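For reference, the structure is listed below as structure tokens.
Just so it is clear, none of the values below were taken in a lab; they were calculated from the coordinates. All figures in this text were calculated on a predicted structure; none of them were measured in a lab. In this analysis, Cβ positions are derived from the backbone assuming ideal geometry, glycine residues included, and neighbour counts consider all displayed protein chains.
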Amino acid sequence: MAERARLLFEGPDWSFDKLRRTHDALAEIAEGELGLDIFTNQIEIISAEQMLDAYASVGMPLMYRHWSFGKHFIHHERQYRKGARGLAYEIVINSNPCISYCLEENTMALQALVMAHAAFGHNHFFKTNHLFRQWTDPDGILDYLEYARDYIAACEERHGQRAVETLLDSAHALMPSGVFRHRRPPLPSLREQTERARQRRVEAERSADYLFDTLLRRESDDETPDRARERRATMRLPEENLLYFVETYSPTLEPWQRELLQITRNIAQYFYPQKQTQVMNEGCACFVHFHCMHRLHEQGRIDDGALLEILHNHANVLTQPGFDDPRYGGLNPYALGFAMMRDIKRICTEPSAEDRAWFPDLAGCGDWRAALRQAWASYRDESFIQQYLSPRVMRELRLFACSDTAEDPHVTITGIHDEAGYREVRDTLAHSRDISISDPEILVTDVDLLGDRVLHLQHVMRDGVPLDEKAREATMAHLRSLWGYPVVLQEAR
Amino acid sequence: MTNFVDRRLNPKDKNLGNRRRFLRRVRSHVKKAVDRSVRDSAIADVETGGEVSVPPDSIREPTFHHARNAGTQRHILPGNRDYRAGDTIDKPPAGAGGGGGREGAEDGEGEDDFVFALSRDEFLDVFFEDLELPDLVKRTLRNTETTTPRRAGISVIGSPGNMDLQRTMRNALGRRVAMRRPSDERLDALRARVFELEAMHEPGAEARAELARLQAELDEATRRRKAVPYLDPLDVRYKNFEQVPEPNTNAVMFCLMDVSASMRQREKDLAKRFFILLHMFLQRQYDRVEIVFIRHTHRASEVDEETFFHARETGGTVVSTALAEMRRVITERFPASEWNIYAAQASDGDNYSGDSRTCVAMLDGELMALCQYFAYVEILAEEEAQFINSDKSGTELWRAYRSVAAEWPNFAMKRIARPGDIYPVFRELFARGKAERADG
């Protein structure tokens, strides 16, 4: 009887009572034992339709309106209705309080799993990882999105849906090139930023626009190299953030259009840390839910049935089919992340001779909790893999690296999971997770606002990989419409 | 403190605005799909919504990204079996479905169309778009059934306007009696007596005792009146109304078609599309729509849909036989007092010489009075349509029917030559008729 009384829940049905009990039990383990640092949780139960809604608006609870979200919604809905794809069990938002959406169809065991995963795992990662701390403003994001939605709705009323849509189309096309990767500007909180933006807009409306038009344009060729260098320096060229540059210097945009560009740019920047930490973020969340669920079971607070159901789902999510398996769809970030996290724990507690050679500081240190917390806080995928990917994980996943040169008739294996190949595999994997390498690097190199106003871009090629031509032309058309004058893109080796 | 929020009751359809914007963007494809659905489905099956297929190019969201098959690309793959460093693997020949299965699917070229389903409402929106129907008509068409409110007992909830005063007051009275709320008279009497006693110049011991007793009684009564209100929310009753579907009357639709040799597959196809549209229109307004197919050569007979559109028959052309058959069916099965009768006739305009006058006589004499609406389309050959451009000239039947049209506002006629003509024909025939009815 006493045993039963300790159970947090029984059977598949959930209730808010059980949820709260389970949450509190999880909090004891996550905060008490693992030492996680989390934002206050807000757990929201939503229906399948609402989950589909959330999918379409990139997981955010509020978003401005745009046809592309409608397109994604229709696509997801169709996939879901056809049974081709299930829904995510949860969506979690990097905000303070940290909002997790849980699907109402989940069984109680799943809700427990989902809470451990999202409300503690992801939540801790959002709060402590340095990229999120530096680049995102969880306190202000919801306010900012609300402001964005209202502002864009107001623009639609004032300037017409068509005009706003055209501009957003162009802005969306440039969103991946609308983030600061290397430079870090002082980042005031988003709320301050909106306030400042509003004032700036008023000012801009008063002065800037017509100035550009009334200035006498200089005939070309009479510019000295010195002047050109100075001009580039004042505009801080080369500039990697295309949206920022266009927003600031476009000779044709109206103030509201600049504001719209800034909104999309801020949203892109907000999501940029997530793109850079997918493996770690999921690895952290999976590790936390795995640990918490096993602890609950050890304490006798969930029964065998619940644990089995949880493990079943856990295994489903973490499957990594081999490259020649028909189900293969790339490296599974959940599987890789979880394997690495678990391996860090193993290295700390039961290191082998190999581990001692590879990780002299970590091996056998015993305090795996602190080691993990430190890893979660201070890395991003690329550096995390460089630092922590152990030979053992490479062997377990049987990773191998290959190189595919377009002109060659064959693909070359450059390294496998053996003594000679560990470093090659690790480097290649780290590079493939580095957004600033896998996304094309496009820089604004020059523009003469007083001259021909042609925007010069340069694509810095790596390994001789050019831009996809069709997509390049389409995106350039968008950029041209934003800039208002010709845009030239150069492929540089 | 952790919050648990139940969002399930929040308004749904957050994405409706986005979906609308998307539909507007792929407008031309939606329109095409709707037109196709109208053309291809059986008469009664049109309008279930229909699938729209959009070529991916028109809704692509481009971004800068690396070319797939150029330069040197490095990959990490899991699940190595027996590769060693330095091994080379021959690439599959170009065009043979790409490298690793997935690459092929992702390749820009072989992409499938973006397919989605239109809801019924969205379908109708597009369908009605050009019809220029007055809003009222649109509303009637959109609703599959109309309802009228009917009294259905009483209820404890409702809007103040529906309050049932009599019942409410009766309940209040009953409660006041049961709870022994002191009445106004009793209170007045007590007050009067207390006042009287207090006014006594020199009250005796008896009077003082009475005063104390009455005073207590008065206090108690006042307290009780406060505790037991005159009208309590518990007493209130509302009249309850139920929405009862209006018993829609039935309609019967007569499809009359000339099936003599001069009517070939093209003419029949055109006729069919015309019938489909009429059927859709009627279905919106009536619970039950019966269709009667009457084909005729020099004899007329009632047949099923399959025979109507596909079987062949030879013979001359006597249009009046079809009208006679229609009248027979009406008399036998569809008394005009119970049925709304609609007729649609399609013909190539040929008729046995002299018969057209009989037709006019039959229509004028009886049929037009029975029919809500009689629509006649004459199907022309494409080359004919080129030079017939006046309504005045035409076949004998056409000229004869013009006199009917002049007489009866519910008779409409039109010439069509191409599938493209049908839509406007339909619009003119019904938009006009319905608009008048809606306004009247």
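Around B:E366, under 13 Å between beta carbons, what's the net of Lys plus Arg minus Asp minus Glu among the other residues?
Overall, the nearby charge balance is +1.
Which of the lysines could a cross-linker span from B:K31 if the Cα-Cα distance has to be under 21 Å and same-chain partners fewer than 8 positions apart are dropped?
Partners found: A:K71, B:K138, B:K272.
Explain nothing, just the number: dipole magnitude of the protein assembly as shown about its Cα centre with +1 on each Lys and Arg Cβ and -1 on each Asp and Glu Cβ, in debye rounded to the nearest 20.
Value, rounded to 20: 1980 debye.
Could you please rank A:W256, A:W483, placing first whichever residue has the fewest other Cβ atoms within 10 Å of its Cβ?
Listing A:W256, A:W483 from fewest to most nearby Cβ atoms yields A:W256, A:W483.
Give the Rg (one decimal place) followed by the Dmax (whole number) of segment B:220-319, computed from C-alpha coordinates and expressed in Å.
According to the Cα coordinates of segment B:220-319, Rg and Dmax are 30.8, 103 Å.
Hey, can you grab everything whose amide H is under 5 Å from the amide H of B:A117? Only 5+ residues off in sequence or another chain; H modelled, so Pro and N-termini drop out.
Result for B:A117 returns B:V52.
Using only atoms on other chains, find how many Cβ atoms lie within 10 Å of each Cβ of peptide A:12-25 and report the average.
Per residue, the average neighbour count from other chains is 1.
Going toward the positive end of the dipole of segment A:317-437, with +1 on Lys and Arg Cβ and -1 on Asp and Glu Cβ, which of A:I385, A:C365, A:L429 do you reach last?
It is A:C365, whose Cα lies furthest towards the positive end.
Give the Rg/Rh ratio for the protein assembly as shown, taking Rg as the radius of gyration of the Cα atoms and Rh as the Kirkwood radius, to two decimals.
When Rh is taken as the Kirkwood radius, the ratio is 1.11.
Label points 7 Å out from Cα along the Cβ direction at B:T148 and B:D304: separation in nm?
It is 3.8 nm.
How big is the dipole moment of segment A:317-437 about its Cα centre under a simple scheme where the beta carbon of each Lys and Arg is +1, that of each Asp and Glu is -1, and everything else is neutral? Debye, nearest 20, please.
640 debye
What area, in nm² and to one decimal, does the C-alpha convex hull of chain A cast on average over all directions?
About 27.7 nm², averaged over all directions.
When you count, for each residue, the other Cβ atoms within 10 Å and take the mean per peptide, how do B:298-306, A:307-315 rank with the highest first?
A:307-315, B:298-306
Step through the table entries A:K18/B:K14; A:K18/A:K127; A:K82/A:K275; A:K275/B:K14; A:K470/B:K91; A:K345/B:K91, compare each Cα-Cα distance with 32 Å, and write down the pairs that go over it.
Long pairs (Cα-Cα over 32 Å): A:K345/B:K91.
Given +1 on the Cβ of Lys and Arg, -1 on the Cβ of Asp and Glu, and no further charges, what dipole in debye does segment B:168-227 carry about its Cα centre, rounded to the nearest 20?
720 debye
So for A:Y388, A:Y334, B:Y401, fewest C-beta neighbours within 10 Å to most, what's the order?
Arranged by neighbour count, lowest to highest, A:Y388, A:Y334, B:Y401 become A:Y334, A:Y388, B:Y401.
Taking amide H atoms as placed 1.01 Å from N in the peptide plane, list the residues 5 or more away in sequence, or in a different chain, whose amide H sits under 5 Å from that of A:G415.
A:A401, B:G86
Measure off 7 Å from each Cα along the Cα-to-Cβ vector at A:R480 and B:S262, then give the distance between these two points in nanometres to one decimal.
In this crude label model, A:R480 to B:S262 measures out at 5.8 nm.
Indicate, rounded to the nearest 5 percent, the antiparallel portion of the DSSP beta bridges found entirely in the protein assembly as shown.
45 percent
Going by amide H atoms built from the backbone, whose H comes under 5 Å of the H on B:H66, apart from near neighbours?
A:D468
Could you tell me which residue out of A:N94, B:T297, B:L231 lies farthest along the dipole of the protein assembly as shown toward its positive end? Charges go on the beta carbon: Lys and Arg +1, Asp and Glu -1, centred on the Cα centre.
Result: B:L231.
Report, in degrees rounded to the nearest 10, the 0 to 90 angle that the Cα long axis of helix A:368-378 makes with the longest principal axis of chain A.
10 degrees
Need the full-extension length gain, B:S353 to B:R328, defined as separation in residues times 0.36 nm minus the C-alpha distance. One decimal, nm.
6.7 nm
Normalised by the number of residues in segment B:160-239, what is the relative contact order in percent for Cα pairs under 8 Å and 6+ residues apart?
Reported relative contact order: 64 percent.
Using just the alpha carbons, could you tell me how many Å³ per residue the convex hull of segment A:317-437 encloses?
119 Å³
Counting only DSSP beta bridges with both residues in chain A, what percent are antiparallel, rounded to the nearest 5?
Here the share of antiparallel DSSP bridges comes out near 55 percent.
Sorted from fewest to most neighbouring beta carbons within 10 Å, what does the list A:D226, A:D53, A:D452 look like?
With the fewest neighbours first, A:D226, A:D53, A:D452 line up as A:D226, A:D452, A:D53.
Determine Rg/Rh for segment B:160-239; Rg is computed over alpha-carbon atoms and Rh is the Kirkwood hydrodynamic estimate from the same atoms.
1.21
In deg cm²/dmol, rounded to 500, what helix-only [θ] at 222 nm does chain A give when every DSSP H run of at least 4 residues adds -39500 (n - 2.57) and the total is split over its residues?
-17000 deg cm²/dmol
Give me a comma-separated list of calculated 3J(HN,Hα) values for segment A:63-79, in order, Karplus coefficients 6.51, -1.76, 1.60 applied at θ = phi - 60°, integers in Hz, x for any Gly or Pro.
Values per residue, Gly and Pro as x: 7, 6, 8, 7, 4, 5, 5, x, 4, 5, 4, 4, 4, 5, 4, 5, 4 Hz.
Using each residue's phi in segment B:216-233, evaluate 6.51 cos²θ - 1.76 cosθ + 1.60 at θ = phi - 60° and report the 3J(HN,Hα) Karplus result to the nearest Hz, with x for Gly and Pro.
4, 4, 5, 4, 4, 5, 4, 5, 5, 5, 5, 6, 9, x, 5, 10, 10, x
What list of ³J(HN,Hα) values in whole Hz, one per residue of segment A:102-118 in order, does the Karplus curve 6.51 cos²θ - 1.76 cosθ + 1.60 (θ = phi - 60°) give from phi, with Gly and Pro shown as x?
Residue by residue, segment A:102-118 yields 10, 6, 5, 6, 4, 6, 4, 4, 5, 4, 4, 4, 5, 5, 4, 5, 8 Hz.
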